[in-house]
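S.K.: Below you'll find the structure I mean.
The values are calculated or read from the model by the stated rules, or taken from the named source; none is laboratory data. Everything numeric in this text was worked out from a predicted model, so none of it was measured. Don't worry about glycine lacking a Cβ; one is built from the backbone with ideal geometry, like all the others, and counts go over all protein chains shown.
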Amino acid sequence: MKWLFYMAAGYIMGSVLFGYFLPRYFKGIDVEKESADHNPGTANVIRFAGLPLGLLCLVLDVGKGCFPVFCAGRALPPASLWFAGVMAAPVLGHAFPFWRSRRGGKAIAVSFGVLLGVLRFSKSLWLLAALYLVMVLLHRIRPNERKSVYTFALFGAVSAGALFFGRAPGICLGNMLIAAAVVYRNWDGAGFREKGGEALEEKS
């Protein structure tokens, strides 16, 4: 029951889209309608509602990933495979909130928040940060969703290798679930399907 409690709490907290609610409440701005990618994320909040509100959304998104996982790590053993579900819950809540079908965020900030919550058990946060930095510096990779797909795919692959060698199985599996959720959520925006469709049209 404790595992289910922390999973449910993490998912519910993750489902609170601060990038959607705060701009509407404080400035009457619908970030999803204003932005081209319709994403209630920090970058769009900064662009359409200002830097202070955007930074607040960033802190809250990181916090909603960190807080439930940090609390779970104090009450439950992170080595257990069940801990993977606790880690994935806030990310799934943000990407696929229960109150709107497939209209969540891209789940980048909340993923970093989750890894911050397990920092005392794992250095996965620094691995993801390093991969993300490398992708940011590769200017030829466009759009940003494609960078996110590549980053989290590599992150998931490295975590799978660590799991194979028996290192922190619960956290490694949690990393893989997070990576899968972010890749899936950003796949359409990365343009892979459109590119494939164009290739089929050219062949026909």
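S.K.: Restricting to the stretch 72-83, give me the number of residues that are over 13 Å from residue 8 (Cα atoms) and either part of a helix (DSSP H, G or I) or without any contact (Cβ under 8 Å) to a residue 60 or more places away in the chain (or both).
M.R.: Qualifying residue count, the stretch 72-83: 3.
S.K.: Just one of (1) more than 23 Å from residue 146 (Cα to Cα); (2) β-branched (Val, Ile, Thr); (3) in contact with a Pro (Cβ under 7 Å, 6 or more places away or on another chain) trips up residue 16, so point out which.
M.R.: Tallying (1) more than 23 Å from residue 146 (Cα to Cα); (2) β-branched (Val, Ile, Thr); (3) in contact with a Pro (Cβ under 7 Å, 6 or more places away or on another chain), residue 16 fails exactly one: (3).
S.K.: Separate question: Can you tell me which residue among 4, 51, 22, 58 is touching a residue at least 40 places away in the same chain (Cβ under 8 Å), surrounded by fewer than 23 Cβ atoms within 10 Å (Cβ to Cβ) and more than 15 Å from residue 185 (Cβ to Cβ)? Give the steps one after another, and end with the answer.
M.R.: On the way: 4 fails: touching a residue at least 40 places away in the same chain (Cβ under 8 Å); 51 fails: touching a residue at least 40 places away in the same chain (Cβ under 8 Å); 22 fails: touching a residue at least 40 places away in the same chain (Cβ under 8 Å).
The unique qualifying residue is 58.
S.K.: If you don't mind, another one. Can you find a residue in the stretch 33-43 that is of a type in the set (A, V, I, L, M, F, W, C), modelled with pLDDT of 90 or more and either assigned to a helix (DSSP H, G or I) or more than 17 Å from the chain's Cα centre (by Cα) (or both)? Steps first, answer last, please.
M.R.: First, the residues of the stretch 33-43 that are of a type in the set (A, V, I, L, M, F, W, C): 36, 43.
Retained after the next criterion (residues that are modelled with pLDDT of 90 or more): none.
No.
S.K.: Inspect the stretch 162-178 for any residue being at pLDDT below 85, closer than 16 Å to residue 118 by Cβ and not in a helix (DSSP H, G or I) and give the result as yes or no.
M.R.: Yes, the conditions are met somewhere in the stretch 162-178.
S.K.: Of the residues 16, 91, which is of a type outside the set (Asp, Glu) and in a helix (DSSP H, G or I)?
M.R.: After applying the criteria, what remains is 91.
S.K.: Quick check on residue 149: is it of a type in the set (A, V, I, L, M), surrounded by 23 or more Cβ atoms within 10 Å (Cβ to Cβ), out of contact with any Asp or Glu (no Cβ under 6 Å at 6 or more places or on another chain) and assigned to a helix (DSSP H, G or I)?
M.R.: Values: of a type in the set (A, V, I, L, M): yes; surrounded by 23 or more Cβ atoms within 10 Å (Cβ to Cβ): yes; out of contact with any Asp or Glu (no Cβ under 6 Å at 6 or more places or on another chain): yes; assigned to a helix (DSSP H, G or I): yes.
Yes, satisfied.
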